[in-house]
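To start, the structure itself, in structure tokens.
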Amino acid sequence: MSTANSLADVIDQSEHRGLRSRLISHQTFWVFMAAILACLALSVLTDTFATERNLFNVSRNFAFVGIIALGMTAVIASGGIDLSVGSTVVLSSMTVAVLMSAGMPFWIGVPAALAVAILVGVVNGVLIAYAGMPSFVVTLGMLSVARSLAMVLSNNKMIYQFGPDHALLLALGGGSTMGLPNPLIALVVLAAITGFLFRWTRWGQHLFAMGGNENAAKLTGIPVRQLKVSVYVFSALTAGITGVLEVGWLGGVTTNLGQGMELSVIAAAVIGGANLAGGIGTAFGALVGALLIEVIRNSLILLGISTFWQGAFVGSFIVIAVAFDRFRSIRQSG
Amino acid sequence: MSALRLEGVSKHFGAIHALSDVSLSVEPGEVIGLMGDNGAGKSTLVKVIAGNFAPSSGEIFISGSKAEFHRPLDAQRAGIEVVYQDLAICDNLSAAANVFLGRELTKQLGPLRILDYAQMRMKAGELFARLKSETRPRDLVRRMSGGQRQAVAIARALLSDAKIILMDEPTAAISVRQVAEVLNLIRYLSDHGIAVVLVSHRMPDVFQVADKIAVLRRGRLVAHKKSGDSSPEEITGLITGAIEFA
């Protein structure tokens, strides 16, 4: 008994000692530090960054990318990719805008927008899981289809009148509660839910198992196909929620909303530690990755660097994050 | 009563006869080494027993009663577990998570059912201790040796109270020390009344642990005898066809 105890103690101790070194070796930790550092540097270098107005804007932008990055992290951890999220955002926005501008109430417009987003996820998921098509191809196709549908739906016009519940819709995405912008609150709540799902449910466990070794997951009897569909639905739903919130924030919808957003979102997820090879990713990482991206984006604007450079930064970030990962795995196996 | 009995099992894929009229029995606690050249029908036989393929003709009996498997889950329910060559484990998960993959333990938290990590780690730890393996439940499988990975895969099989365990080339790609570890695991299974079908190319491993050796050649069973009554030379001859039948 005493030997068993001491053995367990030793294992326990070694694990506790490992905690700090594990934290430091963790990509999320360094990205978090980088984001904090960037914030501090910007506060010193510019007198515009630390203003209430700018922080309000940064946190809202950060929330939109962050919410979808949660869904994207699930998809990437499951071993796939979802390129259609930016288009799902505009389709969801346009659905709520068209319905409400036609006089429908808020409580019909918003659920309808989310239902449309879920439908996008179901189509993606079924084609990937049951027809066995690569997620890259299916969601690339959906990227085009969903945006096109948004154009058809709105006749490519801008919508900025949302009927009787106009004020409610604008307050949802554009307002704030207890000094915090609503999208930021939505992000925190959704991140907590996602983190819980990943860590504490069979769904999360199976998702990471599938991303780690799909064949093994299948052999142990995990319903891999249904699981895949659920993952793409989850991702599309986060995009749908973002779409609804973004209408309220912008006060109007055009069909170029969310264009190119998939890149920022994938960058956020990957910088936050999600591994494009599957099996690895955290909700907190998605949050931190989105924060860093948004701070960098904001800093470019505040420092007077042309916004044309944004794409170069975001694109390079993805490549650098993946390169780090490669480097690490080579060192580990070598 | 035999744990597993095959009677006249054949499997055709179109004109190809992968298995012809194979009859074989395995007693509880018996280790049977299944040998044969590539394409001799070993993996087809394993897949028929594991429920991946239905036999074209012939019958399978589990503990004396006739079994019909339409899918792997049916075989699992009948007490047959397979330890695959690539082990079918997830590198990115912990040992405990792998042992319980697909049948996780949960507990109630208010209205939610959440994973019961403490319970799973404890049970997995008990299984590893029974297997006398140094595997720690919390460790990621990625950082484990080949022998420890085998222990994880075998602990999975033990968890479901398997009566028959099929092992596909468990010693193919691991170091000498780890081979000894795996052979000990097999002895443990046999000591606890589990019938083990060991598919292997490695003659010394088979002779060390197997009670009986069965040799397949071109889909036919050409030998089924006690390993003590045979020799590596004889088995080699049977595998290659230099010896017709034994």
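The values are calculated or read from the model by the stated rules, or taken from the named source; none is laboratory data. On a predicted model such as this, the values are computed, not experimentally measured, just so you know. In this analysis, Cβ positions are derived from the backbone assuming ideal geometry, glycine residues included, and neighbour counts consider all displayed protein chains. Side chains included, ligands, DNA and RNA excluded: accessible areas come from the protein's heavy atoms. Shrake-Rupley method; radii C 1.70, N 1.55, O 1.52, S 1.80 Å.
Laid out as a table, the results:
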| item | result |
| --- | --- |
| Computed log₁₀ I(q)/I(0) - Debye formula, equal Cα scatterers, no solvent, the stretch A:201-334, q 0.21 Å⁻¹ | -1.33 |
| Distance from the stretch A:225-239 to the stretch B:99-118 (C-alpha centre basis), Å | 22 |
| Semi-axis lengths (Å, descending) of the ellipsoid that matches the C-alpha gyration tensor of the stretch A:54-191 | 27, 21, 12 |
| From phi via Karplus (6.51, -1.76, 1.60), per-residue ³J(HN,Hα) for the stretch B:66-80 in Hz, x at Gly/Pro | 5, 10, 10, 9, 9, 7, x, 4, 4, 5, 4, 5, 7, x, 9 |
| In Å, descending, principal axis extents of the Cα set of the protein assembly as shown | 88, 56, 45 |
| Residues in the stretch A:189-211 that, when all protein chains are in place, have 10 Å² or more less accessible area than the chain alone would give (probe 1.4 Å) | A:PHE196, A:ARG199, A:TRP200, A:THR201, A:ARG202, A:GLN205, A:HIS206, A:PHE208, A:ALA209 |
| Cα-derived Rg to Rh of chain A, Kirkwood definition | 1.01 |
| Using θ = phi - 60° and Karplus 6.51 cos²θ - 1.76 cosθ + 1.60, couplings along the stretch A:219-235 (whole Hz; Gly, Pro as x) | 5, 7, x, 5, x, 4, 5, 4, 4, 4, 4, 5, 5, 6, 5, 4, 4 |
| Probe 1.4 Å, accessible area per residue of the stretch B:187-243, Å² | 45 |
| Estimated FRET transfer efficiency when R0 is 56 angstrom, pair A:HIS26-B:GLU27 (beta carbons, to 0.05) | 0.60 |
| Positive dipole terminus of the stretch B:1-152, leading residue within B:SER133, B:ALA75, B:ALA96 (C-beta point charges) | B:ALA96 |
| Using alpha carbons only: equivalent-ellipsoid semi-axes of the stretch A:114-183, gyration tensor based, whole Å | 32, 18, 10 |
| Cα convex hull of the stretch B:87-246, projected area averaged across orientations, nm² | 10.9 |
| Extension gain (nm, one decimal) between A:MET33 and A:ILE108, 0.36 nm per residue minus Cα-Cα | 22.7 nm |
| Approximate spin-label separation A:LEU140-A:THR48, in nm, with each point projected 7 Å along Cα-to-Cβ | 3.8 |
| Accessible area buried, both sides summed, chains B and A with 1.4 Å probe, Å² | 2000 |
| Cα-centre dipole for the stretch B:1-110 with unit charges at Cβ (Lys and Arg positive, Asp and Glu negative), debye to 20 | 280 |
| For chain B, share of DSSP beta bridges that run antiparallel, in % to the nearest 5 | 60 |
| Residues whose placed amide H lies under 5 Å from that of B:VAL83, excluding near-sequence neighbours | B:LEU166, B:MET167, B:ASP168 |
| Net charge dipole size for the protein assembly as shown [Lys, Arg +1 and Asp, Glu -1 on Cβ; Debye, nearest 20] | 280 |
| FRET efficiency estimate (nearest 0.05) - Cβ-Cβ, B:MET1 to B:LEU73, R0 30 angstrom | 0.80 |
| Per-residue average of Cβ from other chains inside 10 Å of B:93-106 | 4 |
| Charge dipole (chain A, unit charges on Cβ, about Cα centre) - positive-most of A:VAL233, A:VAL152, A:LEU37 | A:VAL233 |
| Cut-off under 5 Å, modelled amide H: who pairs with B:LEU105 long-range | B:ASP116 |
| Amide hydrogen neighbours beyond the local backbone of B:ARG220, cut-off 5 Å, H modeled | B:SER20 |
| Karplus-derived 3J(HN,Hα), 6.51/-1.76/1.60, for each residue of the stretch B:230-246, Hz, glycine and proline x | 10, 8, x, 5, 5, 5, 4, x, 5, 5, 7, x, 5, 9, 5, 7, 9 |
| Counting DSSP beta bridges with both ends in the protein assembly as shown, the antiparallel % (nearest 5) | 65 |
| The protein assembly as shown: calculated mean residue ellipticity at 222 nm from DSSP helix runs of at least 4, using -39500 (n - 2.57) | -19000 deg cm²/dmol |
